[in-house]
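Chemist: The structure is given below, and queries will be raised subsequently.
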């Protein structure tokens, strides 16, 4: 793995300064194009052994580039806001938007490597994490990110020499701490773990660059030139024309599927409804303040055709919850800041803290519903979304978040009846937009997309619950009951 | 203060349900208009004594309104990310954007009241905080917010009765804690402090509504109706036409001012420059990692005409800093999410954590420079900005942030020379935009605005430093030296 970085590389001062002049001008130029185009973000991971020049390299990049559009993203121990969220949350919230460059000093690799060396993580756990990281990076790259990963290498003797050299200069002595020397004693362990990590995460879409860190000039030129080459290549690429047509929807051999198999005739008379709703609301209220829930949190997703009764079902849940504890997040078009990020970013930002509940009224499933049907994203985009969404929800569940997804199913006659009803009632009229009528015309497409979605993303840990919703009473009680049942099971009660 | 809330109010069930029906429909309608207009945010403060029905009132609002556009903003003990920022940071970051309603369960009043009762805050400190709060609320209202403050009141016997009543019902018993009873023993102290706080913060722009909390129906109708009335009134108001002309700039009796009085002939030869710069950079590097700086942070502001050398001066500072420790924030037009907030919001979000440095390349002073000159805001807006900015910086300084502001002054000939130079150099050409030539035509206006700005916002704790910048060497060294000197003084070294 590290052989090429040990053959000895050096660049003399004169060569460096000559090369630097052009490099700097071209980097600045590329950085400006990046900003003007605003098409993609650049993520630089600068990792490596102690003393191999990680911070010097970063500082050099600041010398060459425009500091206003370059951010260093450093991670120390997680803050309490971070600790209450999934492991990747802190990285998601630090992602640079399109047009900017973010240099990660420490990254999603740092903790696994450190934990593995300390023996706090088994090889199996490490490999699992690496698999998650590979999938995360694939998602970033598919979303357009230019991701460059540098590993700065030193030989064992090179590392000691380098630390002594830093110590001897009063301007750099502070960089060498007791920990730095302690880490020279785990040099072999680091090489072993890092070699393994680099091998497994050396993917086609995000390969590692292993750089000999011994000589400052060589290291800086190498990193600078690789960055420049990757930037210029990417900037010169024609903007891939997104296929903005609605792709054909799979038609199964018969009409039988999870939605058509549903008995939409189910009803609940008013009297029973009130009694049962009160019962489940009471139990939900208890659960939400139960001490077993204190270390957990809850994410609920509501999807369904227009007028399926999502809002009403949600209100019956929130009535049982403390307003300080929940947040209802309506999902419409993304904001400007959200459009500058991977499509899942805007959902990450709303993830609940411990003991909190976030209810999404429509969700990330828009990617495989409206975006698919209306052709807002390419076929390749929504096809990969199923796996990305499963990965995303897997991370939530791994972090102790309870994830539950409801599809409220009505039929076309019921929708029409509700649309007409809305037209009559003053404070409901606004709920009806021309979009609603348009979407209605694509009923079959939406139903097929929903079936695909349920089939591909209903997992044991984050299941879809399909609710017959022609009768509002029945649907509301089922939702309340299933939330209670599922949360109780998750809390082991 | 509380007299009217003690005369006894009650509404029977039947009257309540009749009134509720219209109220709900109109609230929903108003809420929708609010969202569609997107002109202003609604801030509801719901405070009061324990047991007076704060959470019940909030829950009632959720019953009536659309939960998707209503957020409850609750505050428990500050997170470590909040503790490392000024007191108001947590409130700024929770502000609802235009078009939305945010209900504050606990607010900027909670901590001062609790601290005063516990004796942790003197009367003088309390009054100072109230003054700051009044100014903050004035800013919010001037920025367009509809701010409604409710204080839910109970008599002493009423409070005890209410707590016993809550305790006797298994569904509400959990709301009554040991602390609730403990607080009944400080009833008089709370009445005393709250009376004082309410009196002093009962401003024309954000008056308190004191509501008898005894009867649920009465309380809910009262709050709901007041909210509805305020919303409907505000929504019906004609959109105040902003005066979008550039107001006349004050012309003083002579040409002498802080800018013209400057000796722009100051120069530093290359050799001396390099030596001195290295010296100050070295001291800055030391300071930034000194333990005295561990509990502090630094905000630097750079303003000046185009091509004044802001970027170059900034790069000479960042070269001395650890990339993990600083962030350069370039200020151009606000993003969509930023436009939905008070104009200072986008600067609050970039405030540094402890031991960190944020450098603003242009800043909140855009309000009294470009926005004033180009007429992007009304005269009233930029006139009030001086005081708002002073308040903002005062909060930063009070929280231990070191604030330093540089105006780099060049003359018109020098600017022209630099513009022409930029046209010649490949990687600098992009720096020149048609805007730059346009701004150049308004040189005198910008200079006058800068003089006004410096005169009105240079305070002892957050001074402006005017730097003769015709010679880049001289300017860069002065900036580096002044940062060092000022930070050393602030750290008491």
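Chemist: 7 Å along Cα→Cβ for the label point: how many nanometres lie between residue B:204 and each equivalent label in the other copies, listed shortest first?
Modeler: 7.1
Chemist: Using a Debye calculation, one point per C-alpha and no hydration shell, please list log10 I(q)/I(0) for the range A:172-217 at q = 0.17, 0.18, 0.19, 0.21 Å⁻¹ in order.
Modeler: Debye curve over Cα of the range A:172-217, log10 I(q)/I(0) at q = 0.17, 0.18, 0.19, 0.21 Å⁻¹: -0.73, -0.79, -0.84, -0.92.
Chemist: Now for a separate question. Which distances, shortest first and in nm, link residue A:22 to the matching position in the other copies, using label points set 7 Å out along Cα to C-beta?
Modeler: Sorted ascending, the copy-to-copy spacings read 8.1 nm.
Chemist: Also, I was wondering about something else. Taking other Cβ within 10 Å of each residue's Cβ, how do B:290, B:153 sort, fewest first?
Modeler: By the 10 Å Cβ count, ascending, the order reads B:290, B:153.
Chemist: Shape of the range B:141-297 from its Cα gyration tensor (a ≥ b ≥ c, root eigenvalues): rounded if a/c is under 1.5, otherwise prolate when a/b > b/c, or oblate?
Modeler: It is oblate, given that a/c is not under 1.5 and a/b is not larger than b/c.
Chemist: Sticking with this one: Between the alpha-carbon centers of the range B:270-289 and the range A:31-105, tell me the distance in whole angstrom.
Modeler: 27 Å
Chemist: While we're here: Nearest 10 degrees, 0 to 90: what angle lies between the long axis of helix B:156-168 and the longest principal axis of chain B (Cα atoms)?
Modeler: In chain B, helix B:156-168 runs at an angle near 80 degrees to the longest axis.
Chemist: Report, to one decimal in Å, the Kirkwood hydrodynamic radius for the range A:270-490 based on all distinct Cα pairs.
Modeler: Result for the range A:270-490 stands at 18.2 Å.
Chemist: Can you give the angle from 0 to 90° between the axis of helix A:187-200 and the longest principal axis of chain A, with both taken from C-alpha atoms, to the nearest 10?
Modeler: 50 degrees
Chemist: If N is the number of residues in chain A, what value comes out of its Cα radius of gyration divided by 2.2 N^0.38 Å?
Modeler: So the Cα radius of gyration is 1.16 times the expected 2.2 N^0.38 Å.
Chemist: Can I ask one more? Could you tell me whether the range A:317-424 comes out rounded, prolate or oblate from its Cα gyration tensor? Rule is a ≥ b ≥ c as square roots of the eigenvalues, rounded for a/c under 1.5, then prolate if a/b exceeds b/c, otherwise oblate.
Modeler: It comes out oblate by the Cα gyration axes.
Chemist: What does the C-alpha gyration tensor say about the overall shape of the range B:1-115? Classify as rounded when a/c is under 1.5, otherwise prolate if a/b is larger than b/c, or oblate.
Modeler: oblate
Chemist: Would you calculate the convex hull of the Cα atoms in the range B:376-438 and tell me its volume per residue in Å³?
Modeler: Expressed per residue, the convex hull around the Cα atoms of the range B:376-438 is 150 Å³.
Chemist: Viscosity 1.567 mPa s, temperature 4 °C: Stokes-Einstein D of the range B:264-382 from its Kirkwood Cα radius, in µm² per second?
Modeler: Value of D from the Cα-based Kirkwood radius: 79 µm²/s.
Chemist: How large is log10 of I(q)/I(0) for the range A:57-186 at q = 0.09, 0.14, 0.22 Å⁻¹ when the intensity is taken from the Debye formula with one equal scatterer per alpha-carbon?
Modeler: Normalising to I(0) and taking log10 leaves -0.35, -0.87, -1.45.
Chemist: On alpha-carbon atoms, Rg over Rh for the protein assembly as shown using Kirkwood Rh?
Modeler: 0.97
Chemist: When each copy gets a label point 7 Å from Cα toward the beta-carbon at residue A:398, what are the spacings between them in nm, shortest first?
Modeler: 4.4
Chemist: Once you keep just the Cα pairs under 8 angstrom separated by 6 or more residues, what percentage relative contact order results for chain B?
Modeler: RCO, chain B: 19 percent.
Chemist: Return the Rg/Rh ratio of the range A:3-236 with Cα-based radii and a Kirkwood Rh.
Modeler: My calculation of the ratio gives 0.95.
Chemist: Grab the residue from chain B whose Cβ hugs the B-to-A rotation axis most tightly, plus its distance in whole angstrom.
Modeler: Minimum Cβ distance to the axis, with residue: B:336, 2.
Chemist: Take the alpha-carbon centre of the range B:414-493, take the same for the range B:210-228, and report the distance between them in whole Å.
Modeler: That distance is 55 Å.
Chemist: While we're here: Using Cβ contacts closer than 10 Å as the measure, can you line up A:423, B:3 from fewest to most?
Modeler: Placing the least packed residue first, the sequence is B:3, A:423.
Readers should treat all values here as calculations from the given coordinates under stated rules, not as data from a laboratory. Treat the numbers as computed from the prediction; the structure is a model and nothing was measured. Don't worry about glycine lacking a Cβ; one is built from the backbone with ideal geometry, like all the others, and counts go over all protein chains shown.
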